[in-house]
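Before any comments, here is the structure.
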Amino acid sequence: MAEFFEFSRSRIDDHTEKVGIDIRPVIEIRLDRDKLYRFGVDLIDRYPNLFESQVQSPTDYRITKRFIFPGKGEAETPTLGFTPRGLVFTFPRRFAALGEDLELGQLDDIVIDCLKRFRTTFPGKKIIKVGLVNEYIFFTADLDGARLICGRFTKLSPPVGGEIKLRINLRTDDFNRIVELEAVRKLEQIPEIPGQVQTAGHGVKVRVDFNNIDMSKDLDDGAILRTLHEGRNFNNRDLYAFLNGPSGGEQ
């Protein structure tokens, strides 16, 4: 049964896109809080469709955005955060809970502009790595995700009541192309029993991390855009060929 499943965009139940930026020297949130605040105000004024509220403490800094869907509800998510490695932009593409897709425009150009503003606020910081990370959940209905993963990508028998997670790096000379696959369940509330959930179907979580290998130099805008463009090409074309096998494709 597993060999008849076709991964395609129409089967994506949930989708989040992230752009991770490795910075050197690292950002120290406690010491750089004033600069972070000014940087955040600049982004909120420039891109209110993506950045709305700043959340700041001595050890944490992030910007959140509340997305409102009339008649369905709303969802608040951090769209920019800082880690010990650098910046992470987070762009929700599809909310499974609300069944809604988001049209966010030309994100690559927005990321480049945000990074220009970051360099202005933090002169002397180097960008040494950029990663385009896409996290998908493909809905497989009644087909168990572990059965699909084991049958298509391994010679293992599906673990009964267990878990499976695969990680493959389809590396090239210039880029890491890391694909992770994991079986998941879609849960829903039981109306008659508050606080209890039941399985409403199965799925496969696919995480794709596309990033540059060479970290020896400060990346300019052209190098950053090349990584983002190559990453999008991989997600839109080569990923489906990999997931579906030689005879498969994107529908």
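Hey, among the residues in region 150-183 that are at pLDDT below 95 and of a type in the set (Val, Ile, Thr), which one's most open to solvent (accessible area, probe 1.4 Å)?
The residue in question is Val160.
Quick one: which residue in Thr77, Thr59, Thr83 is among the hydroxyl-bearing types (Ser, Thr, Tyr) and under 24 Å from Asp13 (Cβ atoms)?
Thr77
I need the strands (runs of 3 or more DSSP E) fully contained in region 56-112, keeping only those with at least 1 residues that are under 16 Å from Asn134 (Cβ atoms), free of Cβ contacts under 8 Å to residues at least 40 places away in the same chain and not hydroxyl-bearing (Ser, Thr, Tyr).
Per the criteria, no element qualifies.
Within the group Arg117, Arg152, which residue is outside any strand (DSSP E or B), basic (Lys, Arg) and closer than 28 Å to Ala75 by Cβ?
Arg117
Among the residues of region 127-149, write down those that are open to solvent by less than 40 Å² (accessible area, probe 1.4 Å) and assigned to a helix (DSSP H, G or I).
Answer for region 127-149, where residues must be open to solvent by less than 40 Å² (accessible area, probe 1.4 Å) and assigned to a helix (DSSP H, G or I): Gly145, Ala146, Leu148, Ile149.
If Asp42 passes every condition in (1) under 30 Å from Asn169 (Cα atoms); (2) assigned to a helix (DSSP H, G or I); (3) not basic (Lys, Arg) but one, which one does it miss?
Every condition holds for Asp42 apart from (1).
Counting just the residues of region 169-190 that are among the β-branched types (Val, Ile, Thr) and part of a strand (DSSP E or B), which one comes out farthest from Asn244 (Cα to Cα)?
Filtering region 169-190 for residues that are among the β-branched types (Val, Ile, Thr) and part of a strand (DSSP E or B), the one farthest from Asn244 (Cα to Cα) comes out as Val184.
Can you go through Ile127, Ile44, Ile63 and tell me which one is over 30 Å from Ile213 (Cβ atoms) and in contact with a strand residue (DSSP E or B) (Cβ under 9 Å, 6 or more places away or on another chain)?
Ile44
State whether the residues of region 186-207 include one that is open to solvent by 40 Å² or more (accessible area, probe 1.4 Å), within 22 Å of the chain's Cα centre (by Cα) and of a type in the set (Val, Ile, Thr).
There is no residue in region 186-207 that is open to solvent by 40 Å² or more (accessible area, probe 1.4 Å), within 22 Å of the chain's Cα centre (by Cα) and of a type in the set (Val, Ile, Thr).
Taking Phe51 as meeting all but one of (1) over 27 Å from Asn176 (Cα atoms); (2) open to solvent by less than 30 Å² (accessible area, probe 1.4 Å); (3) modelled with pLDDT under 95, write down the number of the exception.
(3)
The values are calculated or read from the model by the stated rules, or taken from the named source; none is laboratory data. This is a predicted model, so every value here is computed, not measured. Virtual Cβ from ideal backbone geometry, glycine too; neighbours counted across all protein chains shown. Heads up: the accessible areas ignore ligands, DNA and RNA and are worked out on the full protein's heavy atoms, side chains in. Shrake-Rupley method; radii C 1.70, N 1.55, O 1.52, S 1.80 Å.
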